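Nothing in this text is a laboratory measurement; each read-out follows from the coordinates by a stated rule. Note that the structure is predicted; figures quoted are calculated from it, not measured. Cβ sites come from the backbone with ideal geometry, for glycine too, and all protein chains shown count toward neighbours.
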């Protein structure tokens with residue numbers, strides 16, 4: 001049993017390495033393919049929507065496959081990976097542009113210059129991305145634990161319940177990506193409003209732990225975060241030169257992954273005490289993100 005657990009952990013580490021290498025490429029790729037800023041913003045909204053749809057479907061599909069044979073979910077991952085690989089090979093076309101001969105040292109120097117010039121708002125975007133992912137996955141872990149431990153929702157049923165607020169996040173991302181177009185000022189204020197919604201929802205967590213109540217406020221939280229994510233993506237891809245966009249989006253993605261990874265364990269520790277501490281931490285994080293967005297993002 002111990003060996004099986006170790007193998008699973010190693011597998012998850014390999015998955016993380018693979019995802020960390022693939023996802024940062026998506027944002028600069030969109031900026032390169034779509035020269036029109038409005039099309040790029042819409043596409044970024046679709047990407048965030050697709051990203052969240054995966055979060056919606058994975059627990060439901062995983063539970064359904066495990067109900068057939070317990071080890072099938074493990075074999076489904078290589079199948080989905082192979083499908084993704086084939087789609088990249090045959091659907092993402094190389095336009096045959098001039099090969100970039102910039103050396104690594106020159107590239108990093110350019111990135112350093114960009115951070116020096118735009119560091120104030122870029123660091124704010126990095127921090128906001130990490131905070132929103134921390135709130136999302138922290139709240140998701142808390143809600144999942146309550147549904148299973150206190151109300152006995154497991155497997156497919158728990159996945160379907162969690163899919164409701166996550167679906168709201170997906171729809172909000174799609175609509176936000178279409179509406180912000182190429183207006184950087186609108187992006188700032190949509191991000192700020194989204195953070196306010198997320199903060200307001202986590203602030204009222206202690207009032208009740210009924211499943212319908214928690215799902216409702218997580219619904220609002222999902223809408224707020226879903227509004228913000230395409231705006232943060234677009235602020236980077238539409239404000240920076242192509243030559244340095246890759247390294248900046250890699251840093252941004254790394255910060256988001258830090259939020260994803262730190263949310264569940266921190267919330268797990270806080271769940272041992274009074275839920276007020278949990279809600280207070282998430283609220284403080286939302287307040288910090290709101291202040292950063294309001295003061296430091298100045299298109």
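Observations
- With Cα atoms, 0 to 90° folded angle of helix 275-296 axis to the chain main axis: 10 degrees
- Separation of alpha-carbon centers, the stretch 204-258 and the stretch 144-170, rounded to whole Å: 20 Å
- Ascending count of other beta-carbon atoms within 10 Å, so fewest first, for 212, 204, 114: 212, 204, 114
- Alpha carbon convex hull of the stretch 154-299, volume per residue in cubic angstrom: 121 Å³
- Tensor-based shape of the chain (alpha-carbon gyration tensor, a/c under 1.5 rounded, otherwise prolate or oblate): oblate
- Protection-proxy order for peptides 40-49, 226-235, each taking the mean of Cβ atoms within 10 Å per residue, highest first: 226-235, 40-49
- Folded to 0 to 90 degrees: helix 242-270 orientation relative to the chain principal axis, Cα: 20 degrees
- Mean-square fluctuations from a GNM of the chain, with a 10 angstrom spring cutoff on Cα atoms, peak among 220, 175, 92 at 92.
- Residues considered: 63, 172, 286. Largest GNM mean-square fluctuation over the chain, using C-alpha springs under 10 Å, is found at 63.
- Taking a ≥ b ≥ c as the square roots of the Cα gyration tensor eigenvalues, the stretch 145-209 comes out oblate, since a/c reaches at least 1.5 and a/b does not exceed b/c.
- Packing around the peptides 271-278, 154-161, taken as the average count of other Cβ atoms within 10 Å per residue, puts them in this order, highest first: 154-161, 271-278.
- The fraction of all Cα pairs in the stretch 5-80 landing in successive 5 Å bins from 0 to the largest distance is 3, 13, 15, 20, 17, 12, 9, 6, 3, 1, given as whole percents.
- Within the listed set 122, 85, 143, the residue fluctuating most in the Gaussian network model of the chain (springs between alpha-carbon atoms under 10 angstrom) is 85.
- Relative contact order of the chain, pairs being alpha-carbon contacts under 8 Å that are 6 or more residues apart, as %: 32 percent
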